[in-house]
Each structure stands twice: as C-alpha cells, then as structure tokens.
1. Could you list, ordered by first residue, the pairs with Cβ atoms under 8 Å in which the first is in the range 68-80 and free of Cβ contacts under 8 Å to residues at least 12 places away in the same chain and the second is assigned to a strand (DSSP E or B) and not aliphatic (A, V, I, L, M), at least 6 apart or interchain?
2. Of everything in the range 81-98 that's within 9 Å of the ligand (Cβ to nearest atom) and in contact (Cβ under 8 Å) with a residue 24 or more places away in the chain, which residue is nearest to the chain's Cα centre (by Cα)?
3. Can you pull out the residues in the range 68-80 that are exposed (fewer than 13 other Cβ atoms within 10 Å of the Cβ) and within 9 Å of the ligand (Cβ to nearest atom)?
4. Of all the residues that make up the range 81-100, how many are surrounded by 13 or more Cβ atoms within 10 Å (Cβ to Cβ) and closer than 24 Å to Glu26 by Cβ?
5. Of the residues Ala58, Ala42, only one is modelled with pLDDT of 90 or more and not basic (Lys, Arg); which?
6. Just to be sure, is Pro9 modelled with pLDDT of 90 or more, part of a loop (DSSP other than H, G, I, E, B), away from the ligand (no atom under 14 Å from the Cβ) and touching a helix residue (DSSP H, G or I) at 6+ places or on another chain (Cβ under 8 Å)?
Amino acid sequence: MRLRIRRVPPSGVLEGVDLRPFSFREGRLYEVDPPVAKVLLAWGYAERHPSAVAMQLAIQPRSCSKCGSEQTTVMGQSENPPLAHVHCGNCGYISLHALL
Ligand SMILES: [Zn+2]
C-alpha cells in the first residue's frame, strides 16, 4: 500500500509494528505492507497516496523555469528521481523541479 508520511512517528515501534527499517521522512511516499499502513493511518502519521489535488497542496508553488511565471500547476510527480512536473499556465512549458 502506498502512503505519504504526514508526520514521522516519534517511536520506532508502534503497536508492535517495527517502523525502524523504513527511516520515514515527512512528505515522502512509501510502499508499505498493509499491517504497517493500518497502524500509520490509524495514528494519523500517514495518509493514502495523495490525489493530484493533494499533491498540488503538498508541493510548494513553483515558478516556471522558462518564463518565470508563478501561474503553474503541478501535473504529477515521479519518485525516482523525485521530480515534480509543473505546467506553466502562461507559456505552456512543463518544467521539472526536484522534490526535496
Ligand atoms: Zn512559463
């Protein structure tokens, strides 16, 4: 199950589930087993793989790397390498921004 970490769990073990192998980072996507996902969701530490709308909110507004316009929309993202695909509403250029 694919999840996005909202907050890093303060403890390495939650309800008997060992979280230490994952080295979670806030805002990152992880593919985890259902028992792990259930605990993280129940405690509010993670949410299900975000929709396009949620991704837009999660990613800081980016300016177009071609014309510099701020009228941009996040079209999607890739995880490897971690890049956001940002569409410019002004010139139509799609630029890639590193997700850090
Ligand atoms: Zn542009």
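1. Close Cβ pairs satisfying both conditions: Ser78/His85.
2. Ser95
3. The answer is Gly68, and nothing else.
4. 8
5. On the way: Ala58 fails: modelled with pLDDT of 90 or more.
Answer to the check: Ala42.
6. Numbers: modelled with pLDDT of 90 or more: yes; part of a loop (DSSP other than H, G, I, E, B): yes; away from the ligand (no atom under 14 Å from the Cβ): yes; touching a helix residue (DSSP H, G or I) at 6+ places or on another chain (Cβ under 8 Å): yes.
It is true that Pro9 is modelled with pLDDT of 90 or more, part of a loop (DSSP other than H, G, I, E, B), away from the ligand (no atom under 14 Å from the Cβ) and touching a helix residue (DSSP H, G or I) at 6+ places or on another chain (Cβ under 8 Å).
The values are calculated or read from the model by the stated rules, or taken from the named source; none is laboratory data. Please read all numbers here as calculations on a predicted model, not as lab measurements. Cβ coordinates were reconstructed from backbone atoms using ideal geometry, including for glycine residues, and neighbour counts include every protein chain displayed.
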